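Okay, structure first, notes after.
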Amino acid sequence: MIGIALTVPSQSEFDDALQSAIADRVASRIDAQDPTLWGPEAESEASIRLSWTHLPESSRPLVAEIAALREDLVGRGLDHIVLCGMGGSSLAPEVICHTAGVDLTVLDSSHPDMVRSAIADRLERTVVVVSSKSGGTVETDSQRRAYEQAFTDAGIDPLERIIVVTDPGSPLDKEATETGYRVFRADPHVGGRYSALTAFGLVPSGLAGVDIDELLASAEAEESLLYSDSADNPALRLGVMLGVANTHQVDKLVLSDQTGHGVGDWVEQLVAESTGKLGKGILPVVVPFANATNFSPSTADSILVTIGGDGTPEAQSGFAANLEGDLGAQMLLWEVAVAVAGRLIGIDPFDQPDVESAKKAARELLSGSGSVPDPDFSEDGIDVYGSGSSLAEAVQTLLDQIDLDHGYLAIQVYLDRIEYADFAGVREVAAERLARPVTFGWGPRFLHSTGQYHKGGTPNGVFLQVTGTPEEDLPIAGRDFTFGSFIDSQAAGDAAVLRDHGRPVLRLHLHDVPAGLATIRKLLA
Ligand SMILES: O=P(O)(O)OC[C@H]1O[C@H](O)[C@H](O)[C@@H](O)[C@@H]1O
């Protein structure tokens, strides 16, 4: 059963907004895939992006197909599934597998050390799912090339081991079909971040051993409630609360998943990329536990949401909710809620206009037509791209620029997220010191998730970007750049675009990564 408990500072304001969403039949019109709900400017994009509303039924034929393929793979002793893909092509299967307690290796990085470690892990038993909706994402293409090379070097035919998920007619579809790979073609009328219940979520999860029939059934069981024009509809309630809060400049969504399944990373992309544009939106702040800083205490501009919590949390802003329900149903709930909130905020929830700018800047740097700036100075093995006469002063100068009522700090770390996983704890340290919302993202993963919000959303973030010298670089077969130069260009490209948008950025490049991370932690404490 899906459910929501919710508190708001003004019940009458919330009830009025809820009644008007009911009167406008917003939920049933989403069900009917009405593209006019978000205004004339959003209509053409919405008209090709709403097929997610009926996936619990339309994806059913995939269940048997995936089960048959899994049986074949297991019969051949292939029981390690690796997923290569970014953003909407990897976040859903990651949370689906984690929730089910099923092993799935997610390679969503261009960091050479991470790619090398993934390839070195159980290659003889590995099947790789290469997932890209557009079929043109450079990280995913590079990861595929790395696995093709590794299989070939090990005397294994890549045709036996690589499976592709993409939209029909994409460049990847064409190339993979010509090569002879098994290709699953997904519904092109579903955007990446709404694709959890399409082949993108189901193929890797099902091959890894998740009961995907049950996942779809849990969503299908709640469809009539989630599409009802009723005050009891939990998706409508959540969406209206997010929209009303936004009109009061309560625009951070601090999310704590108490079930420990990590649904927060998936919600983060859905909320940030769908709403963060036109200088507006909702900033998701995912915290690791309920009494983490930013949650307790919270700030006056934050909505608090728990998943599987013990009652509604106490929010300084008065906006808070607790959600219950199986994963499939919860995914559909969030999708409907974000579509409802998008209508109230006045944005198109189906585009991501600022993501391309960072990709373009990275491409220019890689092709040699852009120039990477030199560091302003170096201290203790750290190159500093920022202002100040010392590292400590540069960090302080950045932090001093945070607006004390509405600002936030984003820490963006382009390192091996498995090897340095503990460093994510620096979020707590910085949040405690600043008493402002702090987000933490691994690059380049976050570029396909919160990256849209940071560049296109409410302009009140300041950015600490951390890069590091890899242990060893890795060439990319058939490309004239390496993984190392690729990730460097991605970081430099995103920093350049953030600066162009007037956002303060401090970039620190670590020559000795463990020592540099320890220094940063001290400076943020
Ligand atoms: O699935 P792909 O086409 O490779 O896209 C992966 C990701 O790329 C971009 O960054 C988009 O902004 C995301 O919404 C998308 O999920």
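Going by what's in this entry, would residue 115 be described as closer than 22 Å to residue 261 by Cα, aliphatic (A, V, I, L, M) and either outside the structural domain of residue 71 (by TED's automatic domain parsing) or buried (at least 17 other Cβ atoms within 10 Å of the Cβ) (or both)?
On the way: closer than 22 Å to residue 261 by Cα: no; aliphatic (A, V, I, L, M): yes; either outside the structural domain of residue 71 (by TED's automatic domain parsing) or buried (at least 17 other Cβ atoms within 10 Å of the Cβ) (or both): yes.
Here the answer is no, as residue 115 does not meet what is asked.
Scan region 240-259 for residues that are hydrophobic (A, V, I, L, M, F, W, C) and part of a strand (DSSP E or B) and report the count.
3
Is there a residue being in a helix (DSSP H, G or I), within 16 Å of the ligand (Cβ to nearest atom) and within 24 Å of residue 270 (Cβ to Cβ) anywhere in region 172-182? Please lay out each step first, then the result.
Here is the first cut: in region 172-182, the residues in a helix (DSSP H, G or I) are 172-179.
Applying the additional criterion that residues be within 16 Å of the ligand (Cβ to nearest atom) yields 172-176.
The next check asks that each one be within 24 Å of residue 270 (Cβ to Cβ); those that pass are 172.
So far as region 172-182 goes, yes, one or more of its residues are in a helix (DSSP H, G or I), within 16 Å of the ligand (Cβ to nearest atom) and within 24 Å of residue 270 (Cβ to Cβ).
Condition test on residue 473, is it assigned by TED's automatic domain parsing to the domain that holds residue 430, assigned to a loop (DSSP other than H, G, I, E, B), at pLDDT 95 or above and not hydroxyl-bearing (Ser, Thr, Tyr)? Even if it seems obvious, please write down each step before you answer.
Working: assigned by TED's automatic domain parsing to the domain that holds residue 430: yes; assigned to a loop (DSSP other than H, G, I, E, B): yes; at pLDDT 95 or above: yes; not hydroxyl-bearing (Ser, Thr, Tyr): yes.
Against the criterion (assigned by TED's automatic domain parsing to the domain that holds residue 430, assigned to a loop (DSSP other than H, G, I, E, B), at pLDDT 95 or above and not hydroxyl-bearing (Ser, Thr, Tyr)), residue 473 qualifies.
Within region 118-135, can you find the residues that are buried (at least 19 other Cβ atoms within 10 Å of the Cβ), in contact with a His (Cβ under 9 Å, 6 or more places away or on another chain) and among the aliphatic types (A, V, I, L, M)?
127
Among the residues of region 217-233, count how many are assigned to a loop (DSSP other than H, G, I, E, B) and acidic (Asp, Glu).
Adding up the residues that qualify gives 2.
Name the residue, out of 92, 68, that is out of contact with any strand residue (DSSP E or B) (no Cβ under 9 Å at 6 or more places or on another chain) and either buried (at least 22 other Cβ atoms within 10 Å of the Cβ) or among the aromatic types (Phe, Trp, Tyr) (or both). Outline the logic, then answer.
Working: 68 fails: either buried (at least 22 other Cβ atoms within 10 Å of the Cβ) or among the aromatic types (Phe, Trp, Tyr) (or both).
The conditions single out 92.
Table: residues versus (1) out of contact with any Gly (no Cβ under 7 Å at 6 or more places or on another chain); (2) modelled with pLDDT of 95 or more; (3) surrounded by fewer than 16 Cβ atoms within 10 Å (Cβ to Cβ); (4) on the phi < 0 side of the Ramachandran plot.
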| site | (1), (2), (3), (4) |
| --- | --- |
| 4 | yes, yes, no, yes |
| 7 | no, yes, no, yes |
| 10 | yes, yes, yes, yes |
| 13 | yes, yes, yes, yes |
| 33 | yes, yes, no, no |
| 36 | yes, yes, yes, yes |
| 39 | yes, yes, yes, no |
| 42 | yes, yes, no, yes |
| 47 | yes, yes, yes, yes |
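Considering region 183-214 alone, what residues qualify as being surrounded by fewer than 21 Cβ atoms within 10 Å (Cβ to Cβ), on the phi < 0 side of the Ramachandran plot and more than 16 Å from the ligand (Cβ to nearest atom)?
Within region 183-214, 211, 213, 214 meet the criteria.
Any chance you could count how many residues in region 425-466 are in a helix (DSSP H, G or I) and more than 16 Å from the ligand (Cβ to nearest atom)?
To start, the set of residues in region 425-466 that are in a helix (DSSP H, G or I) comprises 425-434, 445-448, 451-456.
After this cut, where a residue has to be more than 16 Å from the ligand (Cβ to nearest atom) as well, the list is 425-434.
Residues in region 425-466 being in a helix (DSSP H, G or I) and more than 16 Å from the ligand (Cβ to nearest atom): 10 in total.
Against the condition part of a loop (DSSP other than H, G, I, E, B), surrounded by fewer than 20 Cβ atoms within 10 Å (Cβ to Cβ), outside the structural domain of residue 281 (by TED's automatic domain parsing) and not polar (S, T, N, Q), how does residue 422 come out, does it pass? Step through it out loud before you land on a result.
Values: part of a loop (DSSP other than H, G, I, E, B): no; surrounded by fewer than 20 Cβ atoms within 10 Å (Cβ to Cβ): yes; outside the structural domain of residue 281 (by TED's automatic domain parsing): yes; not polar (S, T, N, Q): yes.
Judged against the criteria, residue 422 is not a match.
Identify, by number, the condition in (1) within 27 Å of residue 110 (Cβ to Cβ); (2) of a type outside the set (A, V, I, L, M); (3) at pLDDT 95 or above; (4) surrounded by fewer than 19 Cβ atoms within 10 Å (Cβ to Cβ) that residue 371 doesn't meet.
For residue 371, the exception is condition (3).
Listed here are the residues, each with its yes/no results for (1) in contact with an Asp or Glu (Cβ under 7 Å, 6 or more places away or on another chain); (2) closer than 30 Å to residue 69 by Cα; (3) of a type in the set (Val, Ile, Thr).
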residue: 205; (1), (2), (3): no, yes, no
residue: 221; (1), (2), (3): no, yes, no
residue: 227; (1), (2), (3): yes, no, no
residue: 238; (1), (2), (3): no, no, no
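Those residues that are part of a helix (DSSP H, G or I), touching a strand residue (DSSP E or B) at 6+ places or on another chain (Cβ under 8 Å), under 23 Å from residue 218 (Cβ atoms) and not aromatic (Phe, Trp, Tyr), I need them from region 10-56; list them, please.
Hits for region 10-56 are 30, 51, 55.
Filtering region 71-89 down to residues that are loosely packed, with under 14 Cβ neighbours inside 10 Å and among the acidic types (Asp, Glu), which residue is farthest from the ligand (Cβ to nearest atom)?
Narrowing region 71-89 to residues loosely packed, with under 14 Cβ neighbours inside 10 Å: 71-72, 74-77.
Keeping just the survivors that are among the acidic types (Asp, Glu) gives 71-72.
Details: 71: 27, 72: 26 Å.
Across region 71-89, the extreme among qualifying residues is 71.
What tally of residues in region 227-245 results from selecting those that are surrounded by 24 or more Cβ atoms within 10 Å (Cβ to Cβ) and within 24 Å of the chain's Cα centre (by Cα)? It would help to see each step written out before you state the result.
As a first pass, look at region 227-245 and keep what is surrounded by 24 or more Cβ atoms within 10 Å (Cβ to Cβ): 233-236, 239-242, 245.
Narrowing the set further to residues that are within 24 Å of the chain's Cα centre (by Cα) leaves 234-236, 239-242, 245.
Final tally of qualifying residues: 8.
What number of residues in region 380-391 are in contact with a helix residue (DSSP H, G or I) (Cβ under 8 Å, 6 or more places away or on another chain) and surrounded by 15 or more Cβ atoms within 10 Å (Cβ to Cβ)? Show your work before the answer.
Narrowing region 380-391 to residues in contact with a helix residue (DSSP H, G or I) (Cβ under 8 Å, 6 or more places away or on another chain): 380-382, 384-388, 391.
Still in the list and also surrounded by 15 or more Cβ atoms within 10 Å (Cβ to Cβ): 382, 384-386, 388, 391.
Adding up the residues that qualify gives 6.
Among the residues of region 129-144, is any over 19 Å from the mean Cα position of the chain (by Cα) and polar (S, T, N, Q)? Before you say what the answer is, go through the steps one by one.
Looking only at region 129-144, we keep the residues that are over 19 Å from the mean Cα position of the chain (by Cα), and these are 142, 144.
Filter once more, keeping what is polar (S, T, N, Q): 142.
The answer is yes; a qualifying residue exists.
So if I check each of 506, 498, which one is more than 27 Å from residue 141 (Cα to Cα), touching a helix residue (DSSP H, G or I) at 6+ places or on another chain (Cβ under 8 Å) and modelled with pLDDT of 95 or more?
506
Given the structure, is residue 324 without any contact (Cβ under 8 Å) to a residue 12 or more places away in the chain and within 22 Å of the chain's Cα centre (by Cα)?
It is false that residue 324 is without any contact (Cβ under 8 Å) to a residue 12 or more places away in the chain and within 22 Å of the chain's Cα centre (by Cα).
Taking the stated definitions as given, is residue 445 under 20 Å from residue 269 (Cβ atoms), of a type in the set (Lys, Arg), touching a residue at least 60 places away in the same chain (Cβ under 8 Å) and in the same structural domain as residue 391 (by TED's automatic domain parsing)? Write out each step before concluding.
On the way: under 20 Å from residue 269 (Cβ atoms): yes; of a type in the set (Lys, Arg): yes; touching a residue at least 60 places away in the same chain (Cβ under 8 Å): yes; in the same structural domain as residue 391 (by TED's automatic domain parsing): yes.
Judged against the criteria, residue 445 is a match.
The values are calculated or read from the model by the stated rules, or taken from the named source; none is laboratory data. As the structure is a prediction and not an experimental result, all values here were calculated from the model. Positions of Cβ are generated from backbone atoms using ideal geometry, with glycine treated the same way; all protein chains shown enter the neighbour counts.
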